[in-house]
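For reference, the structure is listed below as structure tokens.
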Amino acid sequence: MGMPIAGQPGKDDRPFGSPMEEHDMQKTRSKELADEYLRLGGKRLAKIDDNIVKIRHWDDDTPEAEAFWQKHIEPLDDKRRIEVETHLPTINDR
């Protein structure tokens with residue numbers, strides 16, 4: 001029996017829906033949410049210090065970005081919202 005071909009099951013492959021796959025999908029979704037917020041004119045910045053993420057909001061968002069934040073990001077549980085926030089530009093990027 002040879003090496004498994006990419007895309008075919010092998011004995012070391014994780015099953016579909018594995019915790020690692022779910023984690024990767026959440027990270028991808030978090031990045032997509034952050035990117036869309038920024039594309040709409042979002043101005044919030046992340047402040048990450050000792051693995052604590054806080055948001056700074058000195059400049060006003062566009063109405064579209066604010067509405068997107070309120071509808072899609074604000075309602076997330078803390079863990080998922082922080083994942084989105086880590087994809088925002090940081091205050092050190094200014």
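The values are calculated or read from the model by the stated rules, or taken from the named source; none is laboratory data. Quick caveat: nothing in here was measured; it's all calculated off a predicted structure. Positions of Cβ are generated from backbone atoms using ideal geometry, with glycine treated the same way; all protein chains shown enter the neighbour counts. Side chains are part of the model used for accessible areas, which takes the heavy atoms of the whole protein and leaves out ligands, DNA and RNA. Shrake-Rupley method; radii C 1.70, N 1.55, O 1.52, S 1.80 Å.
Ligands, DNA and RNA aside, Arg29 has an accessible area near 120 Å² when probed at 1.4 Å. When His57, His87 are compared by accessible surface with a 1.4 Å probe, the order from highest to lowest is His57, His87. A simple spin-label model places pseudo-atoms 7 Å from Cα toward Cβ; at Arg39 and Trp58 they are separated by 2.7 nm. Charges were assigned to the Cβ only: +1 to each Lys and Arg, -1 to each Asp and Glu. The resulting dipole of segment 24-73 about its Cα centre is roughly 120 debye.
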